[in-house]
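Presented below is the structure to which this report refers.
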Amino acid sequence: MSKNLYIAAAEAEAGKSMIILGIMDFLSRHIEKIGFFRPIVRSGEVMDNHIRLIATRYNLKFDYESMYGLTSDEMLEFHQTGDIESVFTAILDKYKLLEENCDFILVEGSDFRSYLSTYEFDFNLNVANNLGCPIISIASGWNKGVSEVSESIQIMRRVMHDEKCIQLGTIVNRSKKSDVEAIKKLLINNMPTDSLNFVIPEEPFLQKLSVRQIKDSINAELLYGDEDSLNYDVTDFKVAAMNIESVLENITEGTLVITPGDRLDILVGLSLTLLSDNFPKIAGILLTCGVKPIDSFKQLIYGLKKLPIAILSVEADTFTAAADVNKVRPLLLPENENRVATALGLFDDYVNIKDLKDKISISRSEVVTPVMFEYQLFTRAKLNRKHIVLPEGNDDRVLRAASILLKRNVVDLTLLGNEDEIYRRASELRISLEGAYIIDPYDNDLIGGYAATYYNLRKHKGITKEQAKELMYDVSYLGTMMVYKGHADGMVSGAAHTTQHTIRPAFEFVKTKPGISIVSSSFLMCLEDKVLVYGDCAVNPNPNAEELADIAISSAQTAQMFGIEPRIAMLSYSTGKSGKGAEVEKVRRATEIVRERRPDLKTEGPIQYDAAIDARVASTKMPNSEVAGKATIFIFPDLNTGNNTYKAVQRSANAVAIGPVLQGLNKPVNDLSRGCLVADIVNTVVITAIQAQEDYS
């Protein structure tokens with residue numbers, strides 16, 4: 001059984017990094033100790049871009065030097081002495097050191113950017129054979145017709161046959177979309193019947209440059225802008241040597257304007273376009289000749305609202321700077337989540353993951369890492385796509401999360417807010433919301449019917465028809481009513497609103513499931529090697545015994561929903577029968593209620609946290625317990641304890657906390673923290689989609 005896989009491009013411009021990202025994403029769902037290795041990199045000082053992408057995104061713990069065999073200079077030295085065999089030996093030695101610490105290694109071949117290019121594919125096949133790796137080869141469909149792709153496939157197959165490689169399959173990448181089916185037939189007819197054969201079309205978005213790529217490639221200094229502005233896409237670049245009127249007539253969306261640093265007129269004019277709705281949004285400004293803006297311009301620009309732009313500076317003259325920019329090649333960088341999401345979405349759309357899994361020999365790990373868990377969630381959400389409403393369409397984090405989710409093809413989305421304002425802000429953020437629905441709370445055909453429904457549900461509380469209509473203009477009520485009426489499957493809010501504002505409408509008319517007295521919350525705590533459930537850490541300040549039992553039962557249902565075997569620890573400051581006092585008795589009574597109502601659940605309490613999680617402590621304090629030492633669900637006695645504990649574990653153990661997941665409602669509505677990150681919103685939407693897949697009554 002092979003514990004490795006080699007990805008080799010047969011030619012330049014094959015888009016290998018996207019394939020590597022997609023396969024690594026697949027492997028990370030199943031393997032805990034996964035490694036990444038490149039036989040040749042350009043430099044030992046500056047980290048290889050592909051290694052940085054994979055190591056950063058998948059949190060690989062290896063140092064840079066252990067993830068490559070040789071640098072280009074080291075390989076050249078071997079060639080100059082004629083000692084070619086030592087090249088393969090040196091690469092194998094480095095690989096074997098990494099192999100000792102891995103269950104599986106993904107190997108990426110070289111890049112067709114050096115003197116190796118004339119015999120590069122042969123070189124990669126030899127390396128693969130020396131490492132004992134089966135190969136997936138990549139052919140480029142870029143700028144080719146079907147007959148040209150056919151010729152490339154034939155040559156590639158012949159070379160691999162001559163080298164006696166273990167060939168798992170072939171991917172033709174960057175083909176014309178109209179040629180995908182014809183190329184698939186070619187692969188079926190020309191490759192072994194048991195091989196993997198996939199065709200992925202060209203995605204122009206992945207071939208764009210970002211401001212960050214240009215900055216790093218030409219060693220430019222960032223004078224103005226933030227991390228977000230460095231991720232803006234550059235569609236083209238123009239040298240501004242004319243007057244400002246001519247420059248304004250020639251800029252387009254995503255232009256990088258290159259101009260001498262002393263052209264204050266161009267700097268001011270371009271800065272003003274970012275405040276106007278009548279001009280396309282440029283990506284950035286590159287100032288040349290080592291001249292930086294005068295102090296008065298700095299005072300002007302820093303006195304404006306934050307401008308969505310990056311201003312760079314280089315010492316080179318304008319002609320040289322433009323030539324340097326022209327040489328920059330597109331890269332997938334870990335900082336550009338939108339581009340990574342596009343790449344992963346494209347890979348998932350055109351590569352049959354089941355076929356890939358059947359062909360690659362991997363043993364499923366019993367360990368569940370945060371990366372594994374998160375991507376299991378994505379996979380589940382895609383299987384039965386749901387429609388989620390996001391009421392906070394005016395929040396930048398929500399818009400960025402929406403763009404990522406749409407590119408990953410995970411859910412259908414509705415954003416609430418003014419359509420023009422949302423699209424204008426999306427343009428300023430340089431993100432795409434293609435595929436999203438947008439509903440303006442003050443201009444839609446739903447308000448009348450929604451208000452009537454709300455009035456009928458709440459008139460016994462003294463609500464008037466006018467009040468009902470007024471409430472439907474509130475995005476929390478509007479979004480929740482969409483879920484109640486079945487026009488959306490779930491709602492996620494709270495990035496800008498309080499918890500009370502987010503969940504009050506759900507309390508009023510979505511209501512709790514039969515047999516559940518309260519709405520509660522849980523966090524999915526992704527530790528280094530497992531996923532635990534913490535409840536309640538966000539909603540109920542001081543639950544009584546009956547409510548605590550409800551929280552435990554709801555948390556068990558949440559755990560089961562996400563593939564976690566429920567073993568419930570009812571936490572207290574004492575274990576077993578040793579402690580006394582009102583707080584311990586509350587937990588003891590709650591444990592009894594859970595056992596009475598759900599005798600099928602493994603439940604222990606009162607129990608201290610260390611006895612619940614540590615087998616060594618459990619063997620002393622509760623040696624015969626089915627839960628002690630192996631609990632998966634931790635029920636805290638009050639909100640103060642739960643909230644502080646989850647945050648302490650999140651920060652000190654570097655855990656990924658997904659949630660809070662609201663539980664007990666008839667329909668899924670989830671609350672975000674107002675300090676949430678884009679990744680938190682993405683994960684919560686996916687969680688909500690999975691909740692919506694369950695049988696809500």
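Could you give every pair whose Cβ atoms fall below 6 Å, whose first residue belongs to the range 23-50 and is open to solvent by 20 Å² or more (accessible area, probe 1.4 Å), and whose second residue is part of a loop (DSSP other than H, G, I, E, B) and polar (S, T, N, Q), counting only separations of at least 6 or pairs across chains? Taking only residues 6 or more apart or on different chains, the pairs are Glu32/Ser365; Glu32/Thr369.
Restricting to the range 485-506, what's the tally of residues that are farther than 27 Å from Asn384 by Cα and of a type outside the set (Gly, Ala, Ser)?
6
For the range 60-82, a residue qualifies if it is among the aromatic types (Phe, Trp, Tyr) and open to solvent by 20 Å² or more (accessible area, probe 1.4 Å), and the qualifying residues are Phe62, Tyr64, Phe78. Residues that are open to solvent by 50 Å² or more (accessible area, probe 1.4 Å) and in a loop (DSSP other than H, G, I, E, B) within the range 232-248 comprise Thr235, Ala241, Met242, Asn243, listed in sequence order.
For the range 638-678, a tally of residues being under 18 Å from His497 (Cα atoms) and without any contact (Cβ under 8 Å) to a residue 24 or more places away in the chain returns 1. Considering the range 463-478, the residues that are in a loop (DSSP other than H, G, I, E, B) and open to solvent by 50 Å² or more (accessible area, probe 1.4 Å) include one that is nearest to His501 (Cα to Cα), namely Tyr473.
When the range 541-561 is filtered for residues that are touching a residue at least 60 places away in the same chain (Cβ under 8 Å) and either on the phi > 0 side of the Ramachandran plot or part of a helix (DSSP H, G or I) (or both), the ones remaining, listed by number, are Leu548, Asp550, Ile551, Ala552, Ser554, Ser555, Ala556, Gln557, Thr558, Ala559, Met561. Filtering the range 159-181 to residues that are surrounded by fewer than 16 Cβ atoms within 10 Å (Cβ to Cβ) and either at pLDDT 90 or above or among the β-branched types (Val, Ile, Thr) (or both) leaves Val159, Ile166, Lys177, Ser178, Glu181.
Check the range 528-544 and report whether any residue there is under 29 Å from Ala692 (Cβ atoms) and small (Gly, Ala, Ser). Looking for residues that are under 29 Å from Ala692 (Cβ atoms) and small (Gly, Ala, Ser), one finds at least one in the range 528-544, hence yes.
Against the numbered list (1) surrounded by fewer than 20 Cβ atoms within 10 Å (Cβ to Cβ); (2) touching a helix residue (DSSP H, G or I) at 6+ places or on another chain (Cβ under 7 Å); (3) not aliphatic (A, V, I, L, M), Glu419 comes up short only at (2). Please verify whether Arg424 is at positive phi, of a type in the set (Lys, Arg) and under 26 Å from the mean Cα position of the chain (by Cα), treating the condition exactly as stated. No; evaluated as a whole, the condition is false for this residue. From the list Pro330, Pro334, the lone residue that is surrounded by fewer than 17 Cβ atoms within 10 Å (Cβ to Cβ), touching a Leu at 6+ places or on another chain (Cβ under 8 Å) and either modelled with pLDDT of 85 or more or closer than 27 Å to Arg174 by Cβ (or both) is Pro334.
Could you identify the single residue in Glu528, Glu565 that is within 12 Å of Ile633 (Cα to Cα) and touching a residue at least 24 places away in the same chain (Cβ under 8 Å)?
Glu565
Looking at the range 400-409, is at least one residue open to solvent by less than 10 Å² (accessible area, probe 1.4 Å), touching a Ser or Thr at 6+ places or on another chain (Cβ under 8 Å) and either of a type in the set (Asp, Glu) or modelled with pLDDT under 95 (or both)? Yes.
Please state which one of Val594, Val584 is touching a Phe, Trp or Tyr at 6+ places or on another chain (Cβ under 8 Å) and hydrophobic (A, V, I, L, M, F, W, C). Of Val594, Val584, the one residue that is touching a Phe, Trp or Tyr at 6+ places or on another chain (Cβ under 8 Å) and hydrophobic (A, V, I, L, M, F, W, C) is Val584.
Out of Ala506, Ala538, Ala496, one residue alone is open to solvent by less than 10 Å² (accessible area, probe 1.4 Å) and either at pLDDT 90 or above or not in a helix (DSSP H, G or I) (or both). It is Ala506. Checking the range 378-385 against the condition returns no match, with no residue being more than 26 Å from Leu532 (Cα to Cα), at pLDDT below 95 and not in a helix (DSSP H, G or I). Residue check: Val172 meets all listed conditions (1) touching a residue at least 60 places away in the same chain (Cβ under 8 Å); (2) among the hydrophobic types (A, V, I, L, M, F, W, C); (3) touching a strand residue (DSSP E or B) at 6+ places or on another chain (Cβ under 8 Å) but one, namely (1).
Look through the range 489-533, keep the residues that are over 23 Å from the mean Cα position of the chain (by Cα) and among the small types (Gly, Ala, Ser), and return whichever of them is nearest to Gln376 (Cα to Cα). This residue is Ser521.
This table checks each residue for (1) closer than 23 Å to Val539 by Cα; (2) in contact (Cβ under 8 Å) with a residue 12 or more places away in the chain; (3) touching a helix residue (DSSP H, G or I) at 6+ places or on another chain (Cβ under 7 Å).
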position: Glu392; (1), (2), (3): yes, yes, yes
position: Ser432; (1), (2), (3): no, yes, yes
position: Pro441; (1), (2), (3): no, yes, yes
position: Tyr455; (1), (2), (3): no, yes, yes
position: Tyr477; (1), (2), (3): yes, yes, yes
position: Thr499; (1), (2), (3): yes, yes, no
position: Thr502; (1), (2), (3): yes, yes, yes
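If you go through the range 133-158 and pick out every residue that is open to solvent by 40 Å² or more (accessible area, probe 1.4 Å) and not polar (S, T, N, Q), you end up with 7.
The values are calculated or read from the model by the stated rules, or taken from the named source; none is laboratory data. All values derive from a computational prediction rather than experimental measurement. Cβ: placed from backbone, ideal geometry, glycine included. Neighbour counts: every protein chain shown. Quick note on the areas: whole protein, heavy atoms, side chains included, nothing else; ligands and nucleic acids left out. Shrake-Rupley method; radii C 1.70, N 1.55, O 1.52, S 1.80 Å.
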